[in-house]
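Since the structure comes first, as structure tokens, the remarks are kept for the end.
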Amino acid sequence: MEEKPYKIDSECFLTWTSAILLINPEVETVWNARKEFVCQNLLLPENELKFSELVLSRKPKSSPVYAHRKWVLLEYFQGKVSPCSLQQVVDHEFKLCSRVANLYPNNYYAWCHRSWLMKEICHNCHKIVSEELTCMEKWVSTHVSDHCGFHYRQYLLSCYSGDDEGIVTCPLHATGDDSCSPKQTALFAPLLRQEMSLLCNLQAAYLGHETLWYHRRFLIHEFHKLEVSIVKDGEETGSCKRHKWDKGQEWDTAMEESFLVESFKRASGNDWEQTLIERHIKWLKNVVYWSVSLTPS
């Protein structure tokens, strides 16, 4: 028995589905139905991107909207799109992510979408990563309690420490710009030093923010991994034993002790900040094996 084609008025369909999704964007069946219209060229990807952006303005933390938006972006990029147009779309997506992140603090889905853009669309292009780090510096400085924003910044920093194998050329820079090259690992340690300097200033200005202490642990852990890799490279056995840092390295125990002593002084009368410092000291001893001794005054 032959199946009869399902006929429906496209304008009526789009009107009703738009109304449903504006009320409740969690209905994935409706999003999937709209995908069919995109595949049949009854709905332009550009228009669907505009509509999903409208939905995000009302529901900035709706996972199905971001999932649908990813699908539409991939469909859009599969066509013959110039690098200039790609750049405009990516720039707009970054602005959208910033806008919805401001609407809803710790917006996990918005920051995941931004990370997805960097990885899947920009292929962790170091030119764009560098621009994002610069752009995000002001943002994190004014959102010191946003775990998700700092986690995204950690992702950007990690792009300089990854393996270069299997890297795909960034489609936004078809000319092969050297600054787009993924082989920028030599910049990782200086970037960590700059980030630590920024973080120390933030922690001096904003007490009692656990997010900043978590970010500090990330930086110290990355410094520690760099030191361990240097030691391993210099050893024929490749031993995985514990390695302590000596003075003069990127960030050593003495530098951390000095910062913590000053932190204790600033935390006088702030019980929560003192608790965070004590937790950090325990983390140093248990994870990177730094024996930190303090004499707070």
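Consider Ala110 carefully, then state whether it is of a type in the set (A, V, I, L, M), in contact (Cβ under 8 Å) with a residue 12 or more places away in the chain and in contact with a Cys (Cβ under 7 Å, 6 or more places away or on another chain). Outline the logic, then answer.
Working: of a type in the set (A, V, I, L, M): yes; in contact (Cβ under 8 Å) with a residue 12 or more places away in the chain: yes; in contact with a Cys (Cβ under 7 Å, 6 or more places away or on another chain): yes.
When the stated conditions are applied, Ala110 passes them.
Could you check, for region 74-92, whether at least one of its residues is under 25 Å from Cys135 (Cβ atoms) and outside any helix (DSSP H, G or I)? Talk me through it step by step, then tell me what you get.
First, the residues of region 74-92 that are under 25 Å from Cys135 (Cβ atoms): 74, 76-77, 81-92.
Subsequent filtering for residues that are outside any helix (DSSP H, G or I) retains 81-82.
Looking for residues that are under 25 Å from Cys135 (Cβ atoms) and outside any helix (DSSP H, G or I), one finds at least one in region 74-92, hence yes.
Listed residues Lys70, Lys95, Lys35; which is more than 30 Å from Arg153 (Cβ to Cβ), modelled with pLDDT of 95 or more and assigned to a helix (DSSP H, G or I)? Write out each step before concluding.
Numbers: Lys70 fails: more than 30 Å from Arg153 (Cβ to Cβ); Lys95 fails: more than 30 Å from Arg153 (Cβ to Cβ).
Of Lys70, Lys95, Lys35, the one residue that is more than 30 Å from Arg153 (Cβ to Cβ), modelled with pLDDT of 95 or more and assigned to a helix (DSSP H, G or I) is Lys35.
For the list (1) at pLDDT 95 or above; (2) under 16 Å from Tyr214 (Cβ atoms), I need the number of the one condition that Asp271 fails.
It fails just one condition, (2).
Quick grid of which residues meet (1) at pLDDT 90 or above; (2) under 28 Å from the mean Cα position of the chain (by Cα); (3) in a helix (DSSP H, G or I); (4) over 19 Å from Met196 (Cα atoms):
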| residue | (1), (2), (3), (4) |
| --- | --- |
| Glu236 | no, no, no, yes |
| Cys240 | no, no, no, yes |
| His243 | no, no, no, yes |
| Asp246 | no, no, no, no |
| Glu257 | yes, no, yes, no |
| Val292 | no, no, no, no |
| Pro296 | no, no, no, yes |
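Test Pro64 against the stated conditions and say whether it is in contact (Cβ under 8 Å) with a residue 40 or more places away in the chain and surrounded by 19 or more Cβ atoms within 10 Å (Cβ to Cβ). Please lay out each step first, then the result.
Details: in contact (Cβ under 8 Å) with a residue 40 or more places away in the chain: no; surrounded by 19 or more Cβ atoms within 10 Å (Cβ to Cβ): yes.
Here the answer is no, as Pro64 does not meet what is asked.
So, in region 259-273, of the ones that are outside any loop (DSSP other than H, G, I, E, B) and either free of Cβ contacts under 8 Å to residues at least 12 places away in the same chain or among the charged types (D, E, K, R) (or both), which residue ends up surrounded by the most Cβ atoms within 10 Å (Cβ to Cβ)?
So the first thing to find is which residues in region 259-273 are outside any loop (DSSP other than H, G, I, E, B), and the list is 259-266, 271-273.
If we keep only those that are either free of Cβ contacts under 8 Å to residues at least 12 places away in the same chain or among the charged types (D, E, K, R) (or both) as well, we get 262, 265-266, 271, 273.
Working: Glu262: 14, Lys265: 10, Arg266: 14, Asp271: 9, Glu273: 21.
Filtering region 259-273 for residues that are outside any loop (DSSP other than H, G, I, E, B) and either free of Cβ contacts under 8 Å to residues at least 12 places away in the same chain or among the charged types (D, E, K, R) (or both), the one surrounded by the most Cβ atoms within 10 Å (Cβ to Cβ) comes out as Glu273.
The values are calculated or read from the model by the stated rules, or taken from the named source; none is laboratory data. Small disclaimer: the values here were computed from a predicted structure and weren't measured. So basically every Cβ, Gly included, is an ideal-geometry build from the backbone, and we count neighbours across all protein chains shown.
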